[in-house]
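Asker: This is the structure I have questions about; it appears just below.
The values are calculated or read from the model by the stated rules, or taken from the named source; none is laboratory data. Given the structure is predicted, the values throughout are model-derived calculations rather than measurements. Here the Cβ positions follow ideal geometry from the backbone for every residue, glycine too, while neighbour counts run over all protein chains shown.
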Amino acid sequence: MSGTAPAAATQGSDLWARVFATLYDPLLWWGERAGMGARRRQVLGRARGRTIELGSGTGLNLPHYPGDVEELILTEPEPAMRARLDRRVRTTQRNAKVLDASADQLPFTEESVDTVVSTLVLCTVDRPDAVLREVERVLRPGGSLLFLEHIRSKSPRLARWQDRLEVPWRRFAEGCRCNRATLELIRASGLEVDEVQEETWQGMMVPIVRPLIIGTATKPGGRHS
């Protein structure tokens, strides 16, 4: 199989990526007001020390970080999203660095990070196991993965709809797998899940992405300061 996509397909993909980046905040607007913003604050309030965010998108997490985070690095590999992220960082005047980096190839040395943040990211990556290995690699012993992710539903009926709509939703939502069993992947990664809450994404118009998990996982071997 060729490693180079046809030019027309690549141009179409790039065009949709730019359109999706433009639509992203408006699509999530009501859900943010209906409770997702509060959930972001709940998760990000635990960020400490050197903090790396995976797939920061347009920067919706940015206002919710504590002011005493020592260092904040926002990674985003998609150019259209990253351009909006850059603008949000400048607008909020938050002391944060934006980095072009994918979640499965983080440009940080081993055990050099206190906190990794993943919000609505592990559903979009092709190899979540590789991403979680990277998280485990860069975290210091006792460091934390803070996560807010949507997951495969426990409702058999909704799970069937997630399976049926997985392909068209993935194409629309730039790689999002609505039926991914993300909590099980985190538990199998070598990180220790300290706590997890199951929630519903109120205000989200698309039911297949409403089931959520919110929680913390820790790298064994030390105590996070």
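Asker: For the range 48-95, how many residues are small (G, A, S) and out of contact with any helix residue (DSSP H, G or I) (no Cβ under 9 Å at 6 or more places or on another chain)? Give the derivation first.
Answerer: The first filter runs over the range 48-95 and keeps only residues small (G, A, S), leaving 49, 55-57, 59, 67, 80, 83.
The next check asks that each one be out of contact with any helix residue (DSSP H, G or I) (no Cβ under 9 Å at 6 or more places or on another chain); those that pass are 49, 67.
Final tally of qualifying residues: 2.
Asker: Any idea which residue in the range 151-164 is surrounded by the fewest Cβ atoms within 10 Å (Cβ to Cβ), counting only those that are assigned to a loop (DSSP other than H, G, I, E, B) and more than 19 Å from the chain's Cα centre (by Cα)?
Answerer: By that ranking, first place goes to K154.
Asker: Looking at R223, R210, R157 in this structure, which one is out of contact with any Lys or Arg (no Cβ under 7 Å at 6 or more places or on another chain) and modelled with pLDDT under 95?
Answerer: On the way: R210 fails: modelled with pLDDT under 95; R157 fails: modelled with pLDDT under 95.
One residue alone meets the criteria, R223.
Asker: Those residues that are exposed (fewer than 15 other Cβ atoms within 10 Å of the Cβ) and at pLDDT 95 or above, I need them from the range 88-99; list them, please.
Answerer: Start the filter on the range 88-99 by keeping residues that are exposed (fewer than 15 other Cβ atoms within 10 Å of the Cβ), which leaves 90-93, 95, 97.
The answer is K97, and nothing else.
Asker: Is there a residue in the range 100-122 that is at pLDDT 95 or above, hydrophobic (A, V, I, L, M, F, W, C), surrounded by fewer than 21 Cβ atoms within 10 Å (Cβ to Cβ) and closer than 26 Å to N179 by Cα?
Answerer: Yes; the residues of the range 100-122 include at least one that is at pLDDT 95 or above, hydrophobic (A, V, I, L, M, F, W, C), surrounded by fewer than 21 Cβ atoms within 10 Å (Cβ to Cβ) and closer than 26 Å to N179 by Cα.
Asker: Something else now. Out of all the residues in the range 123-150, which are surrounded by fewer than 23 Cβ atoms within 10 Å (Cβ to Cβ), more than 12 Å from the chain's Cα centre (by Cα) and not in a helix (DSSP H, G or I)?
Answerer: Passing the criteria: D126, R127, R140, P141, G142.
Asker: Moving on. What pairs come up if the first residue lies in the range 55-74 and is closer than 18 Å to E149 by Cβ, the second is of a type in the set (F, W, Y) and in a helix (DSSP H, G or I), and their beta carbons are under 6 Å apart, counting only those six or more places apart or on different chains?
Answerer: T58/Y24
Asker: Right, something else. Which residues, counting only those in the range 101-131, are free of Cβ contacts under 8 Å to residues at least 60 places away in the same chain, farther than 20 Å from P211 by Cβ and in contact with a helix residue (DSSP H, G or I) (Cβ under 8 Å, 6 or more places away or on another chain)?
Answerer: A103, D104, Q105, L106, F108, T109, E110, E111
Asker: Tell me whether the range 74-82 contains one or more residues that are farther than 29 Å from G142 by Cβ, of a type in the set (D, E, K, R) and at pLDDT 95 or above.
Answerer: Checked the range 74-82: at least one residue is farther than 29 Å from G142 by Cβ, of a type in the set (D, E, K, R) and at pLDDT 95 or above.
Asker: Here is a follow-up. Within the range 7-14, is there a residue that is of a type in the set (A, V, I, L, M, F, W, C), surrounded by fewer than 12 Cβ atoms within 10 Å (Cβ to Cβ), modelled with pLDDT under 75 and assigned to a loop (DSSP other than H, G, I, E, B)?
Answerer: no
Asker: A further question follows. Looking for whichever is more than 17 Å from L99 (Cβ to Cβ), part of a loop (DSSP other than H, G, I, E, B) and touching a residue at least 60 places away in the same chain (Cβ under 8 Å) here; the options are R33, R46, R39, R18. Which one fits? Can you show your working first?
Answerer: Numbers: R33 fails: part of a loop (DSSP other than H, G, I, E, B); R39 fails: part of a loop (DSSP other than H, G, I, E, B); R18 fails: part of a loop (DSSP other than H, G, I, E, B).
Criteria check complete, one pass: R46.
Asker: Which residue pairs have Cβ atoms under 7 Å apart, sit 6 or more places apart or on different chains, and have a first residue in the range 186-200 that is among the basic types (K, R) and a second that is surrounded by 13 or more Cβ atoms within 10 Å (Cβ to Cβ)?
Answerer: What qualifies is R187/V193.
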